[in-house]
Amino acid sequence: FNVSQSSLYKDIDILEKQRFVKKVYGGLELIDIQKQRHNFYERLQINSKQKISIAKKAMEYVDNDDSMFVDGSSSTFFLINEINKSDKRNITIVTNSIFIPEEFIVSENFEVICVGGKLNKEVGTYGGELWANLVSSNIRANKFFFSSYGISVEVGPLDPLIPGDTSMKKAFARNSLKNICLV
């Protein structure tokens, strides 16, 4: 290709970050098209029937004119699908998810607010202390829908594998009147 070795390595790094190739000893391996998708879509497949059932039950807590925080979990994504299919009106959704807003692009009955922050590429959410501080001082909601790896009465949501995600959940929980964990 008539390029320098350093240029080639930079291009390979880009292709690896985009999940097109994987470095292996002595070369590269193409990644299957299905594996190129973000792992959020993989998490949607795990226990999906149960998550749909939970989302349908959670709809009992969704009212017209609600304002709600919704975290970026796969469980709440199913709730968002149920909300979007419903006849509910005038709902404001505040989320840290990069996937949830696109579900409402063509919906007229919902207002979606996304507050930026540090992008967590592993889970597809924005978070971090700066983001949590912004939410804590500026945004309120009457409900917070979330899921978590665990939960503690003293500490709150516990997500040891997702750094920064718990600070966002704590900020949402402090600023909502009712916290609803989808489990």
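The values are calculated or read from the model by the stated rules, or taken from the named source; none is laboratory data. This one's a predicted model, so the numbers in the text were calculated from it and none came from an experiment. No Cβ is skipped: glycine too gets one built from the backbone with ideal geometry, and neighbour counts run over all protein chains shown. We work out accessible area using only protein heavy atoms, side chains counted, and drop any ligands, DNA or RNA first. Shrake-Rupley method; radii C 1.70, N 1.55, O 1.52, S 1.80 Å.
Listed by first and then second residue, the pairs linking a residue in segment 1-15 that is closer than 14 Å to Glu29 by Cα to a residue that is open to solvent by less than 90 Å² (accessible area, probe 1.4 Å) and outside any helix (DSSP H, G or I), with Cβ atoms under 7 Å apart and 6 or more places separating them unless they lie on different chains, are Ile12/Val21; Ile12/Leu28; Leu15/Val21. Within segment 78-103, being touching a strand residue (DSSP E or B) at 6+ places or on another chain (Cβ under 9 Å), open to solvent by 10 Å² or more (accessible area, probe 1.4 Å) and not in a loop (DSSP other than H, G, I, E, B) holds for Asn84, Thr92, Pro101, Glu103. Only one of the listed residues (Ser75, Ser107) is open to solvent by 10 Å² or more (accessible area, probe 1.4 Å), in a loop (DSSP other than H, G, I, E, B) and either modelled with pLDDT under 95 or not acidic (Asp, Glu) (or both). That residue is Ser107. Which residues, counting only those in segment 80-111, are under 22 Å from Ser167 (Cα atoms) and out of contact with any helix residue (DSSP H, G or I) (no Cβ under 9 Å at 6 or more places or on another chain)? Those that are under 22 Å from Ser167 (Cα atoms) and out of contact with any helix residue (DSSP H, G or I) (no Cβ under 9 Å at 6 or more places or on another chain): Thr92, Pro101.
Would you call Ser73 in contact with a strand residue (DSSP E or B) (Cβ under 7 Å, 6 or more places away or on another chain) and farther than 16 Å from Ser148 by Cβ? The answer is no for Ser73. Scanning segment 110-135 for residues that are out of contact with any Pro (no Cβ under 9 Å at 6 or more places or on another chain), without any contact (Cβ under 8 Å) to a residue 24 or more places away in the chain and open to solvent by less than 70 Å² (accessible area, probe 1.4 Å) gives a single hit, Gly116. For segment 5-58, filtered to residues that are open to solvent by 60 Å² or more (accessible area, probe 1.4 Å), among the small types (Gly, Ala, Ser) and over 22 Å from Tyr149 (Cα atoms), the residue that is modelled with the highest pLDDT is Ser6.
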